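None of the figures in this text is laboratory data; all of them are computed from the coordinates on show. Quantities reported herein were computed from a predicted structural model and do not represent experimental measurements. Here Cβ is always computed from backbone atoms with ideal geometry, including for glycine, and neighbour counts include all displayed protein chains.
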Amino acid sequence: MKQQGAALRISLAEIAALAQVKRPVVSMWRSRSRATSTPFPEPVRVIRGQQLFDAGEVATWLESTRHGNNPQAAADMAAFARGDSARTDPEAAFAAQTALVTLHRLTGGPLAGLDRDDLLDAADDADPDDEFLYSEIEGLGRTAPAAAAHADQLVDAAYSPAAAFEQLLGGRFRAGLRGQAETALAQRAVDLAARTAVELAAGNGTGRPVFVDSTPGGSDLLVKVLNLLPEDADPLVLTRDGRDQASRTARRRLLVHGARRRPLAVSDGGQFTVGAPAVHVASYPPPGTPDLAAPDILADIENTVLQMDDSQRGVVMAPAAVLTDALDDAKAAAARSDLLRSGRVRAIVRLPAGLVPAKARQALGLWVLGPAHASVPIAERWTMVADVTDTPLTADAVQDLVGDLAVSLGTAGLIRAHAMRFARTVPTSRLLARRGALVRHAVPRRNGPTAAEQAVRADQLVAQLNDPAAVPAPLPVRVSLGHGAPNTEMVDVLLSQGHLRYVPGVRLAAGLPVADDGGARVLGPADLGRGAGKGRRGPAVRRIDRLVLAANHPTARLTEPGDVVFATVPTPAATVDAEGGAVVEYPARVLRVSGADPGGLMPELLAADINAAASKDWRHWALRLVPHAAAQQLQHVLGLLEQERGAAQLRLDRLTELTTLLRDGVSAGGLAVDATIDLT
């Protein structure tokens, strides 16, 4: 490690990644270790305001202090530290590092101990025509032996040249590799495209699979395809025969992964010919041309389509603004329409945003290419479309979407026989007639009952609503003019007279287990107010096990039926606890009307007065009083009205459920309604 530390530097952010801690933790280590016997190493360089530390010193410090969560930090240092040149010219450094890792793979390594001339001889043997690594190693000059030793360390830390190459590529964002970083796809998107390509190849039935990526520098999808194929698949990959650095990097990457590759000659205009059964894979814009505009992306896709025969398929990913959304550019719109008319665009998918890490708000689109419907008249041809904009690309979602896309190349009968989760068929002529987006945003499908279950529940609701017993009966109430006068009294006076009793709430200990059922109800400020009365909907009922309550709060008292539970924060609110047996959680409290001498108080009136109060000074609230005889009559009538309110609420709930059920069921095609039947 000391030899490594003499040449390699590491930043604070890279130290955090190496030690598997958050970035502020490293700053804390520096500050807290200053006055100790093992102070954190001092920076040795500052490049563009970034402090850099000697990698060997940091490795020694982590080992001696046992800080961090990576016991193999010293061994892994090579994967995180970089030479000074990698920070001043990251593109050249990345090219040289990946070239040396590739040379390690091709020669069987290691490279340490070879001088500059030996390294160049080995590079010339591996790449006599300088197609992918010779120039990169030659450009290292006198630093080539040290860089080769670092490449060995990278391979040792990653356990294989392929893993070391992927680690270097994984640092594309922090290393400042613009072309690689701006075009990189999230793993979920790579997985979807690669699995679709493998499925298309399996359905092609042509023996040895062939995969083609004609873009400059494209390799993410091909590498994933190679990893998905069985070991005996013996695939062949064709990639662009370019001398640009992105194409050279892609070739190095495929060689490190052991791919059998053949060059693909692509003209300056983007034309090429495969001339054999194959599956094309491409992600736009590619690393070699990260600024490729919409018309140029569509022109590239057109070049692929023009050379395709009926034995070839394709999977293309590009910004949704190019493949699925409305196009403002007239040239791009015309090119896209021409591609649709060719009949080879068999499926169009709009994917969610967040699949391009460098452009988190950008949504992607996906096309499946294949043979046109040769036996179907042009006017009757169809295209499969799917909108998964609001669907997370989980493993299950990817599997189902790939299944839908795989049948897009089939006949109409095969498509009808497949139970689609995301896709649907649309006449291609309708897509051509659209001036805007090709994929209309779909209403998200909700997980819910099947159509049969919906029909059974609908019948139950209709029967319940039509039940004569559910029809409200006349109220046995007569109202006439009274002869009394209003009377009120303050809470503190009623307390002193014994008509009211105050019961404090309980400060429940944090973290007490919640009981699903059978426990005591918990009433707090959130459970009070106009929405929490009997027969009304309020917050979900909270409960606490009675044994847990007794063990933690032995002096806690439960409510009695008719208690008024109230709170003054955030605003005065109250409800009548008709059941009793509840725990009142502070800052909620209880006012209990005396059963022996209520003094004209009624719990329902008391709660209503609190809900109407403007002041939080609860001891000075004015409460309405009702004479005893009138209170008895009012109590009886209020009970009847509460029963009617409960019945009305139940009917309203059933009507609401039936409305939602019929709306969703009919719109989904699972239910049908008939409003013409005669119930008389």
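Per the Debye calculation on the stretch 2-176 with a single equal scatterer at every Cα and no solvent contribution, log₁₀ I(q)/I(0) for q = 0.13 Å⁻¹ amounts to -0.64. Each Lys and Arg contributes +1 and each Asp and Glu -1, all at the Cβ; summed about the Cα centre of the chain, the dipole is approximately 1780 debye. For the chain, the residue among V471, T659, L62 whose Cα projects farthest onto the positive side of the dipole built from Cβ charges is V471.
Using only Cα atoms and rounding to the nearest 10 degrees, what angle (0 to 90) does helix 330-341 make with the longest principal axis of the chain? That helix lies at roughly 90 degrees to the long axis. Placing +1 on the Cβ of every Lys and Arg and -1 on the Cβ of every Asp and Glu, with nothing else charged, gives the stretch 181-433 a dipole about its Cα centre of roughly 240 debye.
Here the simple spin-label model places points 7 Å from the Cα toward Cβ, and for A35 and A614 these points are separated by 6.0 nm.
Each pair of Cα atoms in the stretch 202-330 enters the Kirkwood radius, and Stokes-Einstein at 25 °C and 0.890 mPa s then converts it into a translational diffusion coefficient of 162 µm²/s. When the alpha carbon coordinates of the stretch 181-433 are projected onto the principal axes, the ranges are 45, 42, 35 Å, largest first. When the Cα positions of P295, G354, L405 are compared along the charge dipole of the stretch 287-439, L405 comes out farthest toward the positive end, with charges on each C-beta of Lys, Arg, Asp and Glu. From the alpha carbon centroid of the stretch 49-120 to that of the stretch 477-498 is 87 Å. A simple rule links phi to the HN-Hα coupling: the Karplus curve 6.51 cos²θ - 1.76 cosθ + 1.60 with θ = phi - 60°, which for the stretch 322-329 gives 9, 8, 10, 8, 5, 10, 7, 6 Hz, with x for Gly and Pro. Computed from backbone phi, the HN-Hα couplings of the stretch 275-287 come to x, 7, x, 6, 10, 8, 10, 7, 10, 10, x, x, x Hz, rounded to whole numbers (Karplus: 6.51 cos²θ - 1.76 cosθ + 1.60, θ = phi - 60°; Gly and Pro given as x). Relative to the longest principal axis of the Cα atoms of the chain, the long axis of helix 144-158 makes an angle of roughly 40 degrees. If you model the stretch 569-680 as an ellipsoid using its alpha carbon gyration tensor, with each semi-axis the square root of five times an eigenvalue, the axes come out at 43, 20, 12 Å, biggest first. Ellipsoid fit via the Cα gyration tensor, the chain: semi-axes of 69, 42, 19 Å, each the root of five times an eigenvalue, largest first.
A simple rule links phi to the HN-Hα coupling: the Karplus curve 6.51 cos²θ - 1.76 cosθ + 1.60 with θ = phi - 60°, which for the stretch 254-264 gives 5, 5, 4, 7, x, 6, 7, 10, 10, x, 10 Hz, with x for Gly and Pro. Close amide H pairs (under 5 Å, H built 1.01 Å from N) link W382 with T428, residues at least 5 positions away or on another chain.
For the stretch 488-626, the Kirkwood hydrodynamic radius comes to 15.3 Å, computed from all pairs of different C-alpha atoms.
Annotation: amide H-H contacts under 5 Å for E585 (H modelled 1.01 Å from N, sequence separation of 5 or more, or interchain): V506, L523, G524. Across the alpha-carbon set of the stretch 129-243, the Rg to Rh ratio works out to 1.01, Rh being the Kirkwood radius. Rg/Rh, computed from the Cα trace of the stretch 372-500 with Rh as the Kirkwood radius, has the value 1.44. Residues whose amide H falls under 5 Å from that of R542, counting only those 5 or more places apart or on a different chain, are V522, with hydrogens built in the peptide plane. For the pair R178 and L547 in one chain, pulling the backbone fully straight at 0.36 nm per residue adds 126.6 nm over the alpha carbon distance. Compared with the dominant Cα axis of the chain, that is its longest principal axis, helix 395-406 is turned about 60°.
Counting lysine pairs in the chain whose alpha carbons fall under 25 angstrom apart, excluding pairs fewer than 8 residues apart on the same chain, gives 4.
Seen from a random direction on average, the alpha-carbon convex hull of the stretch 559-629 projects onto 4.8 square nanometres. Listed by Cβ neighbour count within 10 Å, with the fewest neighbours leading, K224, K331 appear as K331, K224.
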